[in-house]
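Peer 1: To start, I am sharing the structure in question, which I have written as structure tokens.
The values are calculated or read from the model by the stated rules, or taken from the named source; none is laboratory data. Quantities reported herein were computed from a predicted structural model and do not represent experimental measurements. Reconstructed Cβ throughout: ideal geometry from the backbone, glycine too, with neighbour counts over all protein chains shown.
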Amino acid sequence: MASDTKYVTLVSGDGYEFKILRSAACLSKTIKNSLDPTYGFRENEENRVVLKDINGVILEKICEYLYYNEKYADSKDVPDPDLPPELCLELLIAADYLDGELASFG
Amino acid sequence: MAAERPRKRKRDQDEAIAKIKKGKEAKKKSAKKKKKHGSDDSDSDFDIMDLYKKAKKLPGQLENCELCEKRFTVTAYSKAGPNGGLLCTPCGKAMTKEAKATEKASKPVQRKGRRKLESNRLDGFTSRGARTLQQLCIEKLAKHAEDIDEFGEMPEAIMNRLSEIFSKKRAMNPTTFKLFLQPDREEVSIQESAYLETEDFDQIFAIVPGIKKLALRNCCQFKDVNVDYMIEKAKKLSDIQLLGANLVSDDKWTELFIARGPDLKSFKVEWLDAAFTDEVVQALVTFCPNLERLKLERCKHLGVEAIDAIARLENLQHLTLRFCKEVPRERLVNLIGNVGPNLETLCLENFVESDCEPTDVILEAIHTSCTNLSKFRFTENNVCTDEGYVNLFTDWSNPPLRYIDVNSTRDVDNANPDGPEEYTIGVGSAGFDAIMKHSGSNLQCINISSCRHIDHETFANIFDGEKQYPSLQEINLSFCPVVDTQVIAGIFRSCPKIQKVITFGCFEVKEVVVPRGVVLIGAPKAQDAIEQFGDVVMDFQKELQAEMAKAGGRIVPVRG
């Protein structure tokens, strides 16, 4: 059982790797499920999730957002993060795919 | 050198004070002269650094500009530079311009941010925690609407959300609107079409011929020619919603119904006052017998005959009516008797009668005919009595409702604000009790604003903290004058899922502790803020949290 490491690795389609806190990564339902030991995916053993449809630039922004979401989970009047407009469309799709705290509307 | 400074500074300070004193005398002596100097601030300024500088030049003398070092003649209007020197005219101008620009840039941003914040709060948006990435992206996109070439493939839900936000931000114009037209889509909904022209509407059917669902709000330029084109192109259309389509004539409406015929499943129109008469509704009923959803609101010409026509729609499941003309109650009773048994949604708004004799025949009809309702709205009625509501909700074979709105059911008479003595008009104590007994177990949303005959005891009994309303998420108690802090606290305890409590005009609601994840809107005396977001985790919430933690999730902040 390797499922209790503090950090997990997210790999983008073009091969960039991001090591981020498990708690942050699991804000995405998709990532959470693929790491869930009850399902026994290889992702769980390796603590590594390959997201082949998401490229490095977008995944970097996703990771930033996950940390941002975790940081502000308990505070009020959260400042909006700075998102480059040219990435918004791709982020939108990626967020939909990753689900959880990223998707659904306010 | 650093050690030397304090001493020097002290000396400088003494000098400065002496100078200020002197300056004040001088000021008194020559107030007129002072005015001429204008910008010269040496005598009022405490800045010690000034003393290191050479004496300032007077108007008429020559000086080197502090920034560009050019020599220029000092005038009364010469501006002071950043380091205390004087600036030549071009530099001075550039500087004031800059100062103004920064001032402008900094001020509105602050104000806008705050305004947006408050607006979001009233929308119930930002309760706590970060907003979702999708929400953030969509808002950013709306800001840069003009720069987008294409959306690419998007899930339908995202498309609709984009459309909503674009509309809200007034970014829906003939250019951006085309982004929402994709050949493989089945639904086009534009919440705010006021900027769109007649030709633009044709684009919808040209680009999306497979369209099944069309929703246009504020489509002022939607004309007969568009209807013609729609009839010709959109052969799969089954769901039509148009708000404010006043340029479509009666004949065209009828033609549309003939063309879509039995395929039309849902038809919603609002705010029509130029055309759309009873005959059009009759045509609708004749040619589109499979209609399941019908909404006719604020259509000026509609009256009794339309009601009678609708009574013939046997497949109707959702019915919403708000008429401008008065309709005799027996015709409404007839309508309910005919279509009632299949209805899941029944909304009858603003059916006011000028004849104020109390009568509950409509409620009786609903009681006997409707057994499948999940959403019930019956507002602004002035003849049905409290007893009528009790009878409706007592031993009703209809399963518990999900949504109830009985706001503003009361007698309106300025001379007699308490209403008639012998009976209560509108939902009163007994009626509210009956509603909660019948539907409390399943109720998600209830609106009883302006039901002013519900007494405090009833509220306290219903929301006593013991009885539980497991599904209730939203309650509107505005203008129920007896509602006080105790009632609100009771609601928090009795409704574990409550998210939003609206209390405009409830002056008895004072220092109330709002639990976490709940928003209390409108309490006029609670605090300065018109809205409060709960911060306190109450005991009864702790259990819930523990359970959720066990389930493996973290407590997700409530989003409105």
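Peer 1: Scan the range B:273-331 residue by residue and report those that are part of a loop (DSSP other than H, G, I, E, B) and over 22 Å from B:I366 (Cβ atoms).
Peer 2: B:D273, B:A274, B:A275, B:F276, B:T277, B:C288, B:P289, B:N290, B:K300, B:H301, B:C324
Peer 1: Tell me, which residue of the range B:246-265 that is surrounded by fewer than 18 Cβ atoms within 10 Å (Cβ to Cβ) and in contact with a Ser or Thr (Cβ under 8 Å, 6 or more places away or on another chain) is nearest to B:K235 (Cα to Cα)?
Peer 2: B:D263
Peer 1: Could you look through the range B:219-265, keep only residues that are more than 11 Å from B:F201 (Cβ to Cβ) and among the hydroxyl-bearing types (S, T, Y), and pick out the one that is nearest to the chain's Cα centre (by Cα)?
Peer 2: By that ranking, first place goes to B:S238.
Here is a yes/no grid of residues against (1) at the interface with another protein chain (Cβ under 9 Å from one of its Cβ atoms); (2) of a type outside the set (A, V, I, L, M); (3) surrounded by fewer than 18 Cβ atoms within 10 Å (Cβ to Cβ):
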position: A:L51; (1), (2), (3): no, no, no
position: A:G56; (1), (2), (3): no, yes, yes
position: A:Y65; (1), (2), (3): yes, yes, no
position: A:Y68; (1), (2), (3): yes, yes, no
position: A:P81; (1), (2), (3): yes, yes, yes
position: A:P84; (1), (2), (3): yes, yes, yes
position: A:L91; (1), (2), (3): yes, no, no
position: A:A94; (1), (2), (3): yes, no, no
position: A:L98; (1), (2), (3): yes, no, no
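Peer 1: Does B:S106 fit the bill of being of a type outside the set (K, R), at pLDDT 90 or above and assigned to a helix (DSSP H, G or I)?
Peer 2: In short, no.
Peer 1: Here's something else I'd like to know. Hey, among the residues in the range B:335-375 that are charged (D, E, K, R) and more than 16 Å from B:V427 (Cα to Cα), which one's nearest to the chain's Cα centre (by Cα)?
Peer 2: Of everything passing the filter in the range B:335-375, B:K375 is nearest to the chain's Cα centre (by Cα).
Peer 1: Residue by residue through the range B:355-388, note down the ones that are in a helix (DSSP H, G or I) and surrounded by fewer than 18 Cβ atoms within 10 Å (Cβ to Cβ).
Peer 2: B:V361, B:E364, B:T368, B:E387
Peer 1: For the range B:127-149, what are the residues that are farther than 30 Å from A:A25 by Cα and more than 8 Å from every other protein chain (Cβ to nearest Cβ)?
Peer 2: B:A145, B:E146, B:D149
Peer 1: Let me ask something else. What number of residues within the range B:473-496 are closer than 19 Å to B:G517 by Cα, in a loop (DSSP other than H, G, I, E, B) and out of contact with any helix residue (DSSP H, G or I) (no Cβ under 8 Å at 6 or more places or on another chain)?
Peer 2: Number satisfying all stated conditions: 2.
Peer 1: Would you pick out the residues in the range B:414-434 that are surrounded by 13 or more Cβ atoms within 10 Å (Cβ to Cβ), outside any helix (DSSP H, G or I), modelled with pLDDT of 80 or more and among the small types (G, A, S)?
Peer 2: The answer is B:G426, B:G428.
Peer 1: Answer yes if at least one residue in the range B:191-206 is over 30 Å from B:I138 (Cβ atoms), touching a residue at least 24 places away in the same chain (Cβ under 8 Å) and buried (at least 21 other Cβ atoms within 10 Å of the Cβ), and no otherwise.
Peer 2: no
Peer 1: Could you tell me which numbered condition B:P399 fails, if it satisfies all but one of (1) part of a loop (DSSP other than H, G, I, E, B); (2) at pLDDT below 95; (3) surrounded by fewer than 18 Cβ atoms within 10 Å (Cβ to Cβ)?
Peer 2: Failed condition: (2).
Peer 1: When you scan the range B:467-474, do you find a residue that is buried (at least 18 other Cβ atoms within 10 Å of the Cβ) and closer than 23 Å to B:G505 by Cα, even just one?
Peer 2: Scanning the range B:467-474 turns up at least one residue that is buried (at least 18 other Cβ atoms within 10 Å of the Cβ) and closer than 23 Å to B:G505 by Cα.
Peer 1: Here is a check on your reading of the model: is B:G113 at pLDDT below 85 and surrounded by 14 or more Cβ atoms within 10 Å (Cβ to Cβ)?
Peer 2: Criteria not met by B:G113.
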